[in-house]
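Worksheet: one structure, shown below.
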Amino acid sequence: MRVEFDRDTCIGMFQCVEEWAKFEKDPDAGKADLAGAKESEADLFVLEVPEGEEMDAEFAARSCPVDAIRVYDDGEQIV
Ligand code: SF4
């Protein structure tokens, strides 16, 4: 499972931070950070979801009001 975080779209509502510990607040930037993620293109961060954290990743994605978080399983977008 892979998560993609579009940091440019993020508006810093921080619901995701409550759902998954991988999301951290960056209050100065008014954005979330996805810990351990690699920037695959400008402001798009990608992370393989560690085993056991799949539900947290999905909940984080569902909680985002601007759909800045997408979750893929076997290449197919599920959130
Ligand atoms: S819930 Fe969405 S908009 Fe809010 S901090 Fe997380 S990624 Fe950004």
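Descriptive notes on the structure:
- Cα lying deepest toward the dipole's positive end in the chain, options 37, 72, 17, charges on Cβ: 17
- Whole-percent carbon and sulfur share, accessible surface of region 1-44, 1.4 Å: 42
- Rounded to the nearest 20 debye, dipole of region 2-77 from Cβ charges on Lys, Arg, Asp, Glu: 240
- Hz values of 3J(HN,Hα) by residue in region 9-21 - Karplus curve (6.51, -1.76, 1.60), Gly and Pro given as x: 6, 4, 10, x, 7, 6, 5, 4, 4, 6, 9, 9, 5
- Percent RCO, i.e. relative contact order, over the chain, from Cα pairs under 8 Å lying at least 6 residues apart: 40
- Sites residue 46 and residue 26 - FRET efficiency at Förster radius 25 Å, r taken between beta-carbons, to 0.05: 0.90
- Å² of accessible area per residue within the chain, as computed with a 1.4 Å probe and no ligands counted: 59
The values are calculated or read from the model by the stated rules, or taken from the named source; none is laboratory data. Everything quoted here is computed from the prediction, not taken from an experiment. Note that each Cβ is placed from the backbone with ideal geometry, even for glycine, and that neighbours are counted across all protein chains shown. Heavy atoms of the whole protein, side chains included, go into the accessibility calculation; ligands, DNA and RNA do not. Shrake-Rupley method; radii C 1.70, N 1.55, O 1.52, S 1.80 Å.
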